[in-house]
Amino acid sequence: MTKLRKIICTFLASKVSSEEIENQLKSFEQLDKNKDGYITVKELHKGLGDSYTLEEAQKILESVDTDQNGVIDYNEFVAATLDFEIVK
């Protein structure tokens with residue numbers, strides 16, 4: 001995903017319906033095991049299950065982490081899942 005596309009998806013994430021936001025929040029909270037508002041690579045790896053290696057989870061995190069702080073925040077999560085829905 002290009003940087004511009006990430007910015008656009010982050011903006012669009014702030015414009016989604018309240019029902020979609022509620023669903024996304026539930027998914028985010030399921031992954032954010034320690035409830036600190038961020039998904040770490042370990043939390044992502046655990047959430048993805050056995051079908052992904054830790055290295056693959058790291059690559060996914062890096063592709064979603066638009067501010068490059070090493071974790072996925074809620075806006076980045078929504079932007080990534082929104083982008084996935086657009087691609088489908």
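The values are calculated or read from the model by the stated rules, or taken from the named source; none is laboratory data. Since we're looking at a predicted model, the values are computed, not measured. Positions of Cβ are backbone-derived with ideal geometry, glycine not excepted, and every protein chain shown enters the neighbour counts. Only protein heavy atoms, including side chains, enter the accessible area calculation; ligands, DNA and RNA are left aside. Shrake-Rupley method; radii C 1.70, N 1.55, O 1.52, S 1.80 Å.
For every residue, the table says whether it meets (1) open to solvent by 60 Å² or more (accessible area, probe 1.4 Å); (2) at pLDDT below 90; (3) hydrophobic (A, V, I, L, M, F, W, C).
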site	(1), (2), (3)
35	yes, no, no
44	no, no, yes
69	yes, no, no
73	no, no, no
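For region 43-86, a tally of residues being under 15 Å from residue 25 (Cβ atoms), in a helix (DSSP H, G or I) and charged (D, E, K, R) returns 1.
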